[in-house]
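Everything below concerns the one structure shown next.
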Amino acid sequence: MGVVTTDEIFTWEESKKHRDYVRWHGVLQFINLWKKSKDRKNDEFKWGDELEFTLVKFDDEKKIAKLNLISHKLLPILNEKETANPNGVDCIWRPEFGSYQLEGIPGQPYGGLLSDFKIVEKNMRNRRLEVMEYLKSDEVIMMLTMLPRMGCPNSTDPLEQPSPNSNDYASLFVAGNTVNQQFLRWRRTSVNLRARRNEVLAINLPIFKDKNVPEPFREDLRAFNDDGKCEAHAKDDHVYMDATGFGMGCCCLQVTFQGRDMQEARVLYDQLTPFVPIMVALTAACPIFRGYLTDIDSRVLSCIDSVDDRTLGERGLEPLKDNEMLIRTSRNGSTEWYLTEEGNQYNDVNLEYDEKLYQLLRDHEVDRILAQHIAHLFVRDSLCLNSMALQSNDETDTDLFEIIQGTTWRTMRFKPPPANLSIGWRVEFRPCDIQITDFENAATACFIALLTRVILSFNLNLLIPLTKVEENLHRSYKRDAINKEKFWFQRDITRSETEKKLSIDEELSELTIDEIINGKTETFVGIIPLMNSYLDNMNVDSETRCTIQQYLDLFQKRASGKLMTDAAWIRKQVTSHPQYKKDSIVSDRISYDLVKKIYEIQMNTKQHPETFLSY
Ligand code: ADP
Ligand code: MG
Ligand code: MG
Ligand code: MG
Ligand code: MG
């Protein structure tokens, strides 16, 4: 997000009155921005990561790990250095959804030289160390996709009680004060999202069916003060959750890349899209939700279902009314539209958009494919509108564009230059869970950065139909998907068979992650072998090559099953805990021991050989 500076955010009822205005002017603002930046050329390759951190407080006496709700106190202090010296800091701190979360990015983006890969891990580590200076002895900052017992009783400090029947962040499990207390936009967004949906949220994740899990597994939600509304949406054998925090409150790693011009950014957006599910499986780190082991390994599914603001009509469950249209997906999900001519052949979803908005874009000569993408973005409504945004100037501002763009959380984001045109066309790769060590996070960011170089330099073609990408995404987060699932993939990524003019069906194959990453004799070359031949042709100093090699080893070994994902390792910690009763319950004590162990690994006082090799 980033543009909403005031917290006087309209309620959904108020917001609704402005929906046509927001859509029309949001699109106009995009058009004006596009006019100013469409011919921009030769921007440097720059890139940078975003890491979302969790603030944890340990009760060492009672052995409980809690979410530490202090971001509103910490962030102003952390921002002081940047305010005093905007271009001279090592890292920059930004607010996040949770009042137990912080987002940290490098002080400056990285550049085009591969030797920059050497500083990524150190910068990530320094970010944490910087925050630690301001923490008390029982407080820590961690890399954790989600605290295992987030949403369980007594899991926050200070202790906050949920208020299921209030009009302000109603949830059976999570209190409103777990949401950012300094910038109210996330809380209002959540409340408005729920109001727009006009029904409780229904996040149902299949429970891990260990030996002693009851058949069927079904919680008594009345014990959480449910009046029956949630009960109706909770599925048998699933862990039910009802708050945006179970998705938006998870921590991820994102990487943004600048293209040399709009076309190159569009190529990267398209080519990285089919790789999203592959990276989800390779970086899965979130098997526990609300104190239960689930059959899910990553945060992806709860992210999708936690921000589904569609009405019953839009979901096809009730007749359409008030100019509604059917909308296929939640605000969070897979890429829905490729942006290049080449990609357009693989655009096989029925993209919804308002014909008037599409025509407005076309009248200003925005090309057909991009016009469809932007018009489709504006099927969403603003959930955090304020009067300032309504007063924004269509010629010079982009508030109404950003307000929709910034709250449509797809796994990839196509980012036009900001209103001040200080930087160029970028794409953001967004699906990865945060990893539990700096090493793995650096490896992940650098792996994707290297992939962009390889895609461009070898003119690779990873494209497959978007419905297949979406199908892959729904395979990628399942338990042990990395070893068990196959994924639709382009067979001819190096275009060696182009002369044969294969049909789209002939191009498709189903491969394991091992085959995709490490190659399959003769028939599929593999991503890492391609990366290695790219590196062989580059003049890389030996230290850089060595750093990159360690990162490639991590993914090579994860893909081949020699190393575990964080999710698999976390599962193992639970199932081998002496107090674990094979009932998929992650008790306070199990959670505490697990979180402590992860913390020790992060501080490098304990080795962690099963998920990665070396530091
Ligand atoms: P958002 O939250 O909107 O996704 P952030 O500003 O938090 O974006 O972070 C975006 C990332 O992009 C950071 O890692 C930052 O270093 C990086 N970045 C900044 N400028 C550029 C640029 N010109 N090209 C590519 N990446 C950039
Ligand atoms: Mg950010
Ligand atoms: Mg973030
Ligand atoms: Mg977030
Ligand atoms: Mg981001």
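Structure notes:
- Taking the Cα centre of segment 247-334 as origin and assigning +1 to Lys and Arg Cβ atoms and -1 to Asp and Glu Cβ atoms, the resulting dipole is close to 140 debye.
- Annotation for segment 331-365 versus segment 202-221: alpha-carbon center distance of 39 Å.
- Lysine pair count for segment 473-577 (Cα-Cα distance under 30 Å; residues 8 or more apart in sequence or on different chains): 22.
- Sequentially through segment 94-105, phi angles give Karplus couplings (6.51, -1.76, 1.60; θ = phi - 60°) of 10, x, 10, 3, x, 7, 10, 10, 9, 10, x, 10 Hz, Gly and Pro residues having no value and appearing as x.
- Cα-centred dipole magnitude for segment 476-615, charges only on beta-carbon of K, R (+1) and D, E (-1), debye, nearest 20: 780
- With the simple spin-label model, which puts each label point 7 Å out from Cα in the Cβ direction, the Asn393 to Glu324 separation comes to 4.0 nm.
- Estimated FRET transfer efficiency when R0 is 41 angstrom, pair Lys520-Leu312 (beta carbons, to 0.05): 0.35
- Taking amide hydrogens as placed 1.01 Å from N in the peptide plane, the amide H of Asn386 sits under 5 Å from those of Phe10, each at least 5 positions away in sequence or on another chain.
- For Ile207, the residues whose modelled amide H falls within less than 5 Å of its own, excluding neighbours fewer than 5 places apart on the same chain, are His238, Val239, Asp295.
- Cβ-derived FRET efficiency at R0 35 Å, Asn79 paired with Lys35, nearest 0.05: 0.55
- Along the axis of the charge dipole computed for segment 175-215 (Cβ charges of +1 for Lys and Arg, -1 for Asp and Glu, origin at the Cα centre), the listed residues Asn204, Thr189, Gly176 are led at the positive end by Thr189.
- Label-to-label distance, nm, for residues given as Ile504 and Asp236 (7 Å Cα→Cβ offset): 3.8
- Segment 1-154, relative contact order in percent, only Cα pairs under 8 angstrom and at least six apart counted: 26
- Charged-residue dipole, Cβ positions (Lys, Arg, Asp, Glu), the chain about Cα centre, Debye nearest 20: 760
- At full extension, Leu129 and Glu471 could sit 119.1 nm farther apart than now, given 0.36 nm per residue minus the alpha carbon distance.
- Theoretical FRET efficiency, 1/(1+(r/R0)^6), r = Cβ-Cβ of Met538 and Arg222, R0 56 Å, to 0.05: 0.35
- Over the chain, accessible surface divided per residue gives 38 Å², non-protein components excluded, 1.4 Å probe.
- Residues in segment 294-305 carry Karplus couplings, in order, of 10, 8, 10, 10, 9, 7, 3, 5, 5, 5, 5, 7 Hz; the curve used is 6.51 cos²θ - 1.76 cosθ + 1.60 with θ = phi - 60°, and Gly or Pro positions show x.
- Computed 3J(HN,Hα) for segment 522-528, one whole-Hz value per residue from the Karplus formula 6.51 cos²θ - 1.76 cosθ + 1.60 where θ = phi - 60°, is 6, 8, 9, 6, x, 5, 5, glycine and proline marked x.
- Selection of trypsin sites (Lys or Arg not before Pro), segment 309-389, meeting DSSP coil and at most 14 other Cβ within 10 Å: Lys321
- Annotation for segment 31-96: trypsin sites (Lys or Arg not before Pro) lying in DSSP loop with at most 11 further Cβ atoms inside 10 Å of their Cβ are Lys41, Lys62.
- The accessible surface of the chain, taken with every protein chain in place and a 1.4 Å probe, is 48 percent carbon and sulfur.
- Long-range amide H partners of Lys46 with built H, under 5 Å: Gln258
- Loop chymotrypsin sites (Phe, Trp or Tyr not before Pro), segment 114-215, which have at most 15 other Cβ atoms in a 10 Å radius of their Cβ (DSSP): Tyr134
The values are calculated or read from the model by the stated rules, or taken from the named source; none is laboratory data. Predicted model, so just to flag it, every value in this text is computed and none were measured. Neighbour counts are summed over all protein chains in view; Cβ atoms, including those assigned to glycine, are modelled from backbone coordinates with ideal geometry. Side chains included, ligands, DNA and RNA excluded: accessible areas come from the protein's heavy atoms. Shrake-Rupley method; radii C 1.70, N 1.55, O 1.52, S 1.80 Å.
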